[in-house]
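What follows is one structure encoded as structure tokens, with my remarks underneath.
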Amino acid sequence: MPLSPPASAFDFDPLSSSGGITVKGMNLGTIAVGVDGRRWKYASAGTVDLVAGNLLQQAAPVGNHLNRVAGDAAAIGALAATLDIGATTAAANDYAEGYLVINDAAGEGHSYLIRSHPAFASSEASARVELFEPIKVALTADTSEGSLIWNPCKNLIQMPTTATAPPAGVAPFAVDDADFFWVLVHGVGSVLVEATAAPAAGVAISSSVVTAGAVVAAALARGPIGYMIQAGVTGENNVAFLLL
């Protein structure tokens, strides 16, 4: 897939109201950099409206699309591969701009950007994905294992108290479900603070296990997403420096 430079501050408005932006304008994950160094990524909301200043999560992976054996062999240089998926359907191009990740046997350790695919039926043998990148190590039918992974910026949701995927950034404004928008991933931003415990200024922060969409002093298991600039106040939106 061709590489492109980040959008400039003059090419986009990251604080636009979502306002029904239902038509995808560019590749998901496209990075935009403001004149002040803040960074956003082009993203889409899931099936629920997003709240300004809430920490967001990537879409959770589909269990029946993980660690699946290759349905057919794929030679070096091939621009397609197949997996025998489990009992969960997928709409056409659900995984477009996502990844085929080879996790076991021949080809293990390689990841490929997905171009397109048809709809997948439940428990479909040899579900085929077209790739932007050629296969580097041949895949063996019924032996090589792979996983289908969403684009990290597709179908973002409010960060739940029990994480099902990594943090994705902070919603810079209220976003309607299924709309496209710029999610803040790096730099100064306003983020919701946990309702029962507020981190001090300068403290590393991670997602809360008490308040959905909020942050708290960093816990090792959840990993830091940035640092507080000001001392947090429980239940308020306070200033943090994001590092996602």
Check on GLY29, open to solvent by 20 Å² or more (accessible area, probe 1.4 Å) and among the small types (Gly, Ala, Ser): yes
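Give me a count of the residues in the stretch 101-159 that are among the aliphatic types (A, V, I, L, M), without any contact (Cβ under 8 Å) to a residue 60 or more places away in the chain and assigned to a loop (DSSP other than H, G, I, E, B). If you could, list the steps in order and put the result at the bottom.
To start, the set of residues in the stretch 101-159 that are among the aliphatic types (A, V, I, L, M) comprises 101-102, 105-106, 113-114, 119, 121, 125, 127, 129, 131, 135, 137-139, 141, 148-149, 156-157, 159.
Going one step further and asking which of them are without any contact (Cβ under 8 Å) to a residue 60 or more places away in the chain, we end up with 101-102, 105-106, 114, 119, 121, 125, 127, 129, 131.
Subsequent filtering for residues that are assigned to a loop (DSSP other than H, G, I, E, B) retains 105-106, 119, 121, 125.
The number of residues fulfilling the criteria is 5.
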Test: residue in the stretch 115-123 that is open to solvent by less than 50 Å² (accessible area, probe 1.4 Å) and either of a type in the set (A, V, I, L, M) or farther than 26 Å from LEU28 by Cα (or both): no
Test set (1) open to solvent by 50 Å² or more (accessible area, probe 1.4 Å); (2) touching a strand residue (DSSP E or B) at 6+ places or on another chain (Cβ under 8 Å) - LEU131 fails condition number: (1)
Whichever residue in the stretch 54-79 is among the aliphatic types (A, V, I, L, M) and either within 26 Å of SER44 (Cα to Cα) or in contact with a helix residue (DSSP H, G or I) (Cβ under 6 Å, 6 or more places away or on another chain) (or both) and, among such residues, is surrounded by the fewest Cβ atoms within 10 Å (Cβ to Cβ): ALA60
Where a residue in the stretch 178-191 is at positive phi and its partner, wherever it lies, is charged (D, E, K, R) and in a strand (DSSP E or B), with Cβ under 9 Å and at least six apart: GLY187/ARG39
All positions within the stretch 3-20 that are modelled with pLDDT of 55 or more, under 24 Å from SER190 (Cβ atoms) and open to solvent by 70 Å² or more (accessible area, probe 1.4 Å): PRO6, ASP11, ASP13, LEU15
Within the stretch 166-209, considering residues that are among the hydroxyl-bearing types (Ser, Thr, Tyr) and either open to solvent by less than 20 Å² (accessible area, probe 1.4 Å) or in contact with a Gly (Cβ under 8 Å, 6 or more places away or on another chain) (or both), the one nearest to THR30 (Cα to Cα): SER190
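Within the stretch 210-236, which residues are in a strand (DSSP E or B) and either open to solvent by 70 Å² or more (accessible area, probe 1.4 Å) or β-branched (Val, Ile, Thr) (or both)? Step through it out loud before you land on a result.
Residues of the stretch 210-236 in a strand (DSSP E or B): 215-217, 226-228.
VAL215, VAL216, TYR227, listed by residue number.
The values are calculated or read from the model by the stated rules, or taken from the named source; none is laboratory data. All values reported here derive from a predicted model rather than from experimental measurement. We place every Cβ from the backbone using ideal geometry, glycine too, and count neighbours over all the protein chains shown. We work out accessible area using only protein heavy atoms, side chains counted, and drop any ligands, DNA or RNA first. Shrake-Rupley method; radii C 1.70, N 1.55, O 1.52, S 1.80 Å.
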